[in-house]
Amino acid sequence: MDQDWAPLAPVPPPSPSAAEHFGTSLPLACRYAELLAREGVAWGLLGPRELPRLWDRHLINSAALAPLVPPESVVLDVGSGAGLPGLPVRIVRPDLQLTLLEPMARRVRFLELCLRSLELPDVTVLNARAEESAGKVSATVVTARAVAPLARLLPAVWPLVRPGGQLLAVKGRTAEEELSRCSALPTDLDRPPEVVRRYTSSGVPLVTVVRFCRKAR
């Protein structure tokens, strides 16, 4: 695929709260939004109907994870797809080292385009499945958004979480119900998993995350 093949698509302007979440990194987030709205749609990584809610549902929703990530963490974004939530988190947090793990070659090409266009240091793309990556890659923080139900996600990605690290799984309104259906939790949890919800200052929901913390050795 070539970048020149992508037809022009209207790029939605930043939503009113975008500056609050991206701060001085907002111009970089706008460039990423352009890539999602144009190449991302043209290459089938994002549906055209998602464009009106690109900022609130995808970019800001992803960036809202950033405060949950400890300073200078090594982050692994599993099933990264179009780079969500990994790239918005990295745009907000330049102190992080990020690997985007994605099994589909078409999505990997898009992610590589993003890295060239955004010129982000300390970010790599790995074309592989999570189930095949144990022993090859690991991180202090593993993120996953719209990858699989928790019951399937946990056994696939838990081996990628370093001791003392954590898994941040982005979920929706039924996060508690989905967590209750996980009959086999990891045996080396540091504490019971928790559902974390983040809101704007006016009480608007930003993101819901199920957090699993692994015991340190």
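See the values below:
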| read-out | value |
| --- | --- |
| Residue list for the stretch 30-68, restricted to those being under 24 Å from Val141 (Cα atoms) and outside any helix (DSSP H, G or I) | Ala64, Leu65 |
| Given (1) within 29 Å of Glu39 (Cβ to Cβ); (2) of a type outside the set (Asp, Glu); (3) surrounded by fewer than 14 Cβ atoms within 10 Å (Cβ to Cβ), number of the condition Val157 does not satisfy | (3) |
| Residue under evaluation Cys30, criteria (1) surrounded by fewer than 20 Cβ atoms within 10 Å (Cβ to Cβ); (2) at pLDDT 95 or above; (3) within 15 Å of the chain's Cα centre (by Cα); (4) not aliphatic (A, V, I, L, M), criterion not met | (3) |
| Qualifying residues in the stretch 131-147 (those that are in a loop (DSSP other than H, G, I, E, B), in contact (Cβ under 8 Å) with a residue 40 or more places away in the chain and on the phi < 0 side of the Ramachandran plot) - the one nearest to the chain's Cα centre (by Cα) | Val147 |
| So Leu68, is it touching a residue at least 40 places away in the same chain (Cβ under 8 Å), more than 18 Å from Ser117 (Cβ to Cβ) and aliphatic (A, V, I, L, M) | yes |
| Subset of the stretch 102-130 (residues that are under 12 Å from Gly79 (Cβ atoms), touching a helix residue (DSSP H, G or I) at 6+ places or on another chain (Cβ under 9 Å) and in a helix (DSSP H, G or I)) | Leu111, Ala130 |
| Single residue of Asp56, Asp77 found to be of a type in the set (Asp, Glu), at pLDDT 95 or above and on the phi < 0 side of the Ramachandran plot | Asp77 |
| Per-region count, the stretch 67-81, residues of a type in the set (A, V, I, L, M) and surrounded by fewer than 24 Cβ atoms within 10 Å (Cβ to Cβ) | 3 |
| Any hit, the stretch 200-209, residues being surrounded by 12 or more Cβ atoms within 10 Å (Cβ to Cβ), modelled with pLDDT of 95 or more and farther than 28 Å from Pro16 by Cβ | no |
| Matching option when the condition is in contact with a Cys (Cβ under 9 Å, 6 or more places away or on another chain) and over 30 Å from Ala29 (Cβ atoms), among Arg152, Arg181, Arg191 | Arg191 |
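The values are calculated or read from the model by the stated rules, or taken from the named source; none is laboratory data. Predicted, not measured: the structure shown is a model, and the values here were computed from it. No Cβ is skipped: glycine too gets one built from the backbone with ideal geometry, and neighbour counts run over all protein chains shown.
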